1. Among the residues of the range 76-101, how many are touching a residue at least 40 places away in the same chain (Cβ under 8 Å), surrounded by fewer than 16 Cβ atoms within 10 Å (Cβ to Cβ) and not in a loop (DSSP other than H, G, I, E, B)?
2. Please determine whether any residue of the range 27-41 is surrounded by fewer than 16 Cβ atoms within 10 Å (Cβ to Cβ) and of a type in the set (D, E).
3. Of the residues A167, A151, which is small (G, A, S), surrounded by 12 or more Cβ atoms within 10 Å (Cβ to Cβ) and within 23 Å of A21 (Cβ to Cβ)?
4. Here are V132, V122: which of them is loosely packed, with under 15 Cβ neighbours inside 10 Å and either touching a strand residue (DSSP E or B) at 6+ places or on another chain (Cβ under 9 Å) or of a type in the set (S, T, N, Q) (or both)?
5. Does K104 satisfy the criteria of being surrounded by 14 or more Cβ atoms within 10 Å (Cβ to Cβ), more than 16 Å from the ligand (Cβ to nearest atom) and of a type in the set (K, R)?
6. Among the residues in the range 108-121, are any in contact (Cβ under 8 Å) with a residue 12 or more places away in the chain and more than 16 Å from the ligand (Cβ to nearest atom)?
7. Residue check: is R117 over 28 Å from P156 (Cα atoms), outside any helix (DSSP H, G or I) and not small (G, A, S)?
8. Just one of (1) within 11 Å of the ligand (Cβ to nearest atom); (2) part of a strand (DSSP E or B); (3) under 17 Å from L176 (Cβ atoms) trips up L4, so point out which.
Amino acid sequence: MKSLAVFASGTGTNFVAIAKACAAGVIDARVALLVCDKPGAPVLDRARELGVDTFVFSAKDYASKADYEAEIVKRLDALKVDLVCLAGYMRIVGETLLQAYEGKIINIHPSLLPAFRGAHAVEQAVAYGVKVYGITIHWVNSDLDGGKIIAQRAFPYEGSDPAEVHAIGQKIEHELYVETINKVLCER
Ligand code: GAR
């Protein structure tokens, strides 16, 4: 069976969707590890409830990004992780992790890339007055939110409330991430 690692920094609704899909056999893989850079993040409670092992770190405890990423790579290697799924991991992936897991890292982003890269994508889109929002899942490379697109789903929204856009988008994210992980795993 294939092994996934999910990286998250916050609430963890995508992590829960992925872990539950694995547990139910909807994704033919197991979540071998949750990596979290925020001690105390709610996603850690979700991992405990679902019985998923975690690696939690604080970047400030390491001399550099290369140092904490080397520690992450060691743990991913030990678990023979096939695919890394970034799900609200709010750190830029560095060279150490990219080189070790090249072509094996995907990310979910709350906009129709290449529009609205980076943090606060929904807020940026609302400020711009866009009428069609969306979700993108893409390969991760050294270009922030710039890797090749694997899947996208759009939805219309005429209002101006970022919280509403987040709520609509997250339902789509959970379905799209599960579908896309299956697709990626089938193709390797
Ligand atoms: C998701 O909406 C994801 O698209 C976004 O963080 C949220 C995490 O939610 N990611 C980014 O903005 C990446 N730039 P979750 O913790 O409930 O899964």
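What follows draws every value from the coordinates through simple rules; no lab data is involved. Keep in mind it's a predicted model, so treat the numbers as computed, not measured. All Cβ positions, glycine included, derive from the backbone under ideal geometry; neighbour counts span all protein chains shown.
1. Result for the range 76-101: 1.
2. Of all residues in the range 27-41, those surrounded by fewer than 16 Cβ atoms within 10 Å (Cβ to Cβ) come to 28, 30, 39-40.
From what is left, the residues that are of a type in the set (D, E) are 28.
Yes, the range 27-41 contains a residue that is surrounded by fewer than 16 Cβ atoms within 10 Å (Cβ to Cβ) and of a type in the set (D, E).
3. Numbers: A167 fails: surrounded by 12 or more Cβ atoms within 10 Å (Cβ to Cβ).
None of the other options fit; the residue is A151.
4. On the way: V122 fails: loosely packed, with under 15 Cβ neighbours inside 10 Å.
Within the list V132, V122, the selection yields V132.
5. Numbers: surrounded by 14 or more Cβ atoms within 10 Å (Cβ to Cβ): yes; more than 16 Å from the ligand (Cβ to nearest atom): yes; of a type in the set (K, R): yes.
When the stated conditions are applied, K104 passes them.
6. Within the range 108-121 (the criterion being in contact (Cβ under 8 Å) with a residue 12 or more places away in the chain and more than 16 Å from the ligand (Cβ to nearest atom)), the answer is no, since none of the residues qualifies.
7. Numbers: over 28 Å from P156 (Cα atoms): no; outside any helix (DSSP H, G or I): yes; not small (G, A, S): yes.
Taking the combined requirement at face value, the residue does not satisfy it.
8. (1)
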